[in-house]
1. In the stretch 102-119, how many are at pLDDT 65 or above and surrounded by 20 or more Cβ atoms within 10 Å (Cβ to Cβ)?
2. So the check is Cβ under 7 Å with 6+ separation or different chains; which pairs have a first residue in the stretch 74-103 that's within 11 Å of Gly56 (Cβ to Cβ) and in the same structural domain as Ala31 (by TED's automatic domain parsing) and a second one that's assigned to a loop (DSSP other than H, G, I, E, B) and β-branched (Val, Ile, Thr)?
3. Since Asn85 meets every condition but one in (1) within 18 Å of Leu19 (Cβ to Cβ); (2) crowded, with 17+ Cβ neighbours inside 10 Å, which condition does it not meet?
4. Any idea which of Ala228, Ala207, Ala186 is touching a residue at least 40 places away in the same chain (Cβ under 8 Å) and within 28 Å of Asp88 (Cα to Cα)?
5. Inside the stretch 151-167, can you point out the residues that are within 21 Å of the chain's Cα centre (by Cα) and crowded, with 20+ Cβ neighbours inside 10 Å?
6. Read through the list (1) assigned to a helix (DSSP H, G or I); (2) of a type in the set (A, V, I, L, M); (3) not assigned by TED's automatic domain parsing to the domain that holds Leu212, then give the number of the only condition that Leu156 fails.
7. Across the stretch 128-150, which residue is farthest from the chain's Cα centre (by Cα) among those that are part of a loop (DSSP other than H, G, I, E, B) and under 13 Å from Gly189 (Cβ atoms)?
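The values are calculated or read from the model by the stated rules, or taken from the named source; none is laboratory data. The model shown is predicted, which means the values in this text are computed figures rather than measured ones. Using ideal geometry, Cβ is built from the backbone for each residue, glycine included, and neighbour counts are taken over all protein chains shown.
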Amino acid sequence: MEKVSFHEPVLVQEVMEALHLDNPAKKGRQARIIDATLGTAGHSLEIVNKGASVLGIEADPEMLKLASSRIKAVKNASSKLVLGNFRDIAEIAEKEGFSPVDGVLFDLGTTSTQLTDSARGFSFANPEAPLDMRINPSLQGVTAADLLNGLRQDQLISLFEKVLNRFSATKLAREVTKRREVEKFASVGDFLGVTAGVRPKPGLNRATLPFLALRMAVNSELENLREALPQAFLLLGKKGRLLVITFHSGEEKETVGFFRKISREGRAKIISDVPIVPSLEEISTNPRARSAKLNILEKIK
């Protein structure tokens, strides 16, 4: 039987402290936390081990299965795990009778378990993999290959500009349109072939950002986050906290913009004036954590 490699959660201790779960007994009741990006339950395992109750939301059916098996192994764990997209967080919480809550956590981005899955083409590690990138293929119709084969050049530029500068985005869009005139995109290797001209950021493979932009578009990641943050805030009780771990500038811009808006309205205060980042020790053991930033908002009223 193949051994399953679970995603390593980032900033776990910092998240537990921000949620005040280091000593839940001080509350005099069981804390309730929504893990809006359950994944393989890395953070949720810590939450239930601290004695809190968790509502976990996961869009990927395979990740939900892994998370369920891990949570079930925790004695007396109080949890509800739901297949769904966090853009529907308010509807899900209402259906499960899980509000108001003490905290909501978003750990954005793709899990390492998904990245090592050769069947869906999330990463460029397997050139033969189909260029799919859908989190939930049974509910999503459009694949990454569909976008490359179908979008106009100006639409492709807009897609790639989410993570690349204008020059690189335009150059890549042109390469995509030229290639598909000869042969349609189908595999990871097909897309890799047109990223050769992208100037990489220091320490990154030149394909990293183009693949990130494509995955974000397939799964409407920024749009979903934009819809979810106001809903999550409304689910918080007084003094409840909204935590968002971002991994790139697009997520950071959406998160900080929302936090500042709510703060200006006098409805919350920003706890993290400067985003919390992983320690050098954590990065050394989990290199994927190097881009993580934790922002924290506390509800006033």
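1. 9
2. Phe86/Thr37
3. With respect to (1) within 18 Å of Leu19 (Cβ to Cβ); (2) crowded, with 17+ Cβ neighbours inside 10 Å, Asn85 is out only on (1).
4. Answer to the check: Ala228.
5. Hits for the stretch 151-167 are Leu159, Phe160, Val163, Leu164.
6. The failed condition is (3).
7. Filtering first and then ranking leaves Glu128.
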